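The values are calculated or read from the model by the stated rules, or taken from the named source; none is laboratory data. This is a predicted model, so every value here is computed, not measured. Here the Cβ positions follow ideal geometry from the backbone for every residue, glycine too, while neighbour counts run over all protein chains shown. Only protein heavy atoms, including side chains, enter the accessible area calculation; ligands, DNA and RNA are left aside. Shrake-Rupley method; radii C 1.70, N 1.55, O 1.52, S 1.80 Å.
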Amino acid sequence: MNILIKPILTEKMTIQGDKLNRYGFIVDPRANKIQIKGAVEAMYNVVVTDVNTCNYMGKAKSRYTKAGMIEGRSNNFKKAIVTLKKGDNIDFYSNI
């Protein structure tokens, strides 16, 4: 099971990374906090002090087109916000 799907690279998470040493990830919905902590520590070689998770339910979406009404739904996902030990940091842009 691949636990970390992708990092969250938004303006809000960038500010939290700079000020509070917190980083966000989209994770597998079946993963628990202990598995998330282990995956982040193994991938980025940092020490994780705290993990907060929240489940997001996908929203129903609809739009009007020439062919008529199209209805769909965005995906459900789980977000993890990881706090690192003071002095550790993650650079997502280092290998571009």
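Which members of segment 19-31 meet the condition of being surrounded by fewer than 16 Cβ atoms within 10 Å (Cβ to Cβ) and either touching a residue at least 60 places away in the same chain (Cβ under 8 Å) or within 13 Å of Val82 (Cα to Cα) (or both)?
Taking segment 19-31 as the starting set, the residues that turn out to be surrounded by fewer than 16 Cβ atoms within 10 Å (Cβ to Cβ) are 19-20, 29-30.
Of everything in segment 19-31, just one residue is surrounded by fewer than 16 Cβ atoms within 10 Å (Cβ to Cβ) and either touching a residue at least 60 places away in the same chain (Cβ under 8 Å) or within 13 Å of Val82 (Cα to Cα) (or both), namely Leu20.
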- Qualifying residue in segment 69-79 (condition: within 19 Å of Gly17 (Cβ to Cβ) and either in contact with a Gly (Cβ under 9 Å, 6 or more places away or on another chain) or surrounded by 11 or more Cβ atoms within 10 Å (Cβ to Cβ) (or both)): yes
- Query: Given the conditions (1) in a helix (DSSP H, G or I); (2) open to solvent by less than 60 Å² (accessible area, probe 1.4 Å), which single one is not true for Met43?
  - Reply: (2)
- Selected residue (criterion: farthest from Ile34 (Cα to Cα)) from residues of segment 49-61 that are open to solvent by less than 80 Å² (accessible area, probe 1.4 Å) and modelled with pLDDT of 95 or more: Cys54
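Which one of Ile96, Ile90 is in contact with a Gly (Cβ under 8 Å, 6 or more places away or on another chain) and modelled with pLDDT under 95?
Values: Ile96 fails: in contact with a Gly (Cβ under 8 Å, 6 or more places away or on another chain).
The conditions single out Ile90.
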- Note on the structure: Restricting segment 1-14 to residues that are part of a helix (DSSP H, G or I) and surrounded by 11 or more Cβ atoms within 10 Å (Cβ to Cβ), the one nearest to the chain's Cα centre (by Cα) turns out to be Met13
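Counting only residues that are of a type in the set (Lys, Arg) and in a helix (DSSP H, G or I), which one in segment 15-33 is farthest from Asp88 (Cα to Cα)? Working first, answer last.
Taking segment 15-33 as the starting set, the residues that turn out to be of a type in the set (Lys, Arg) are 19, 22, 30, 33.
So of that shortlist, the ones also in a helix (DSSP H, G or I) come out as 19, 33.
Values: Lys19: 12, Lys33: 19 Å.
Per the stated criteria, the residue is Lys33.
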